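Rule-based calculations on the coordinates, nothing more; no lab input. Bear in mind that the values here come from a model prediction, so they are computed numbers and not experimental data. Cβ sites come from the backbone with ideal geometry, for glycine too, and all protein chains shown count toward neighbours.
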Ligand code: ATP
Ligand code: ATP
Ligand code: MG
Ligand code: MG
Ligand code: MG
Ligand code: MG
Ligand code: MG
């Protein structure tokens, strides 16, 4: 192996090109399930929102954050999750391929690893895949707008899907008829259909469905008892040690208004 390192083949290493993420930018890795339209059908996801599938995605995203400490925030909805690397991160010298592949593989393996916990009655029929990309945002405003964009997307899709599936499941419309009925409707009209025809107040739908999931780190003081032996004493002594531990927490809050950023200044701080 050592000989190989100095072999005449060594030159092929130079074909690897640098892919450093620009310094001082927020790097967002977004992963998205491959053909989950099909995957969700084959695995009998409830429509429009399968709670098990969303909780599984959240568990996977928490695992990614536990493994990669330079991620300061994650946002997920449907089959996608976005992970924000802090602008000061120098993880793997900010190599884009490392950011993307480690996030995607950690999330994918977690999806399979935790599947049974969330789908005890549904065997996994084939291995799912996820794609990944990294996008750099040079300002905090760009980053906030990115997250607002994903959350607005969640809202638009979820409002549409909620009415669509109500028409199909409760009114017996075919998917084509439901699609036709909703063509060109504004959000106010969709809200109105939900309220007048299904007695559903959209604002009372679960926050996770309407807002998606935001994962941040929470600092908690952990007090534990430790047996120590002091060098100048013969006997052992029990002491309380306090250390600050960081835990991930899943929220379903609004990211579009300023309130979140006012309440969580630590997310983007150094
Ligand atoms: P692509 O490979 O291009 O991403 P896709 O089929 O995954 O194709 P998306 O736009 O990512 O397309 O949409 C994901 C689809 O997966 C949704 O349209 C929805 O049908 C389904 N889906 C994802 N999560 C859930 C869930 N929690 N409950 C029900 N359906 C879901
Ligand atoms: P990195 O995250 O940087 O890749 P690494 O620990 O995976 O760190 P590698 O250079 O990829 O470092 O080396 C993989 C290591 O995994 C080997 O050094 C060896 O110890 C172990 N390993 C991999 N495959 C096998 C195998 N089939 N049998 C025994 N050990 C293995
Ligand atoms: Mg190796
Ligand atoms: Mg996609
Ligand atoms: Mg997808
Ligand atoms: Mg998607
Ligand atoms: Mg390795």
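In terms of packing, defined here as the mean over residues of other Cβ atoms within 10 angstrom, the peptides 129-137, 227-235 line up highest first as 129-137, 227-235.
Can you sort 174, 101 from fewest to most other Cβ atoms within 10 Å of each residue's own Cβ?
Working: 174 10, 101 14.
The most exposed by this proxy come first: 174, 101.
Could you work out the helix-only [θ] at 222 nm for the chain, with each DSSP H run of four or more residues adding -39,500 (n - 2.57) and the total divided by the number of residues, to the nearest 500 deg cm²/dmol? Before the final figure, lay out each step's value.
On the way: 10 runs with 112 residues, N = 270.
About -12500 deg cm²/dmol.
Region 51-88 and region 210-263 have their alpha-carbon centroids 18 Å apart. How far is helix 187-198 tilted off the main Cα axis of the chain, in degrees rounded to 10, range 0 to 90? The answer is roughly 70 degrees. Relative protection proxy for 178-186, 59-67, 149-157, 25-33, from highest mean packing down: 25-33, 59-67, 149-157, 178-186 (other beta-carbon atoms within 10 angstrom). Peptides 84-90, 120-126 ranked from most to least packed give 84-90, 120-126, packing being the mean of other C-beta atoms within 10 angstrom over each peptide's residues.
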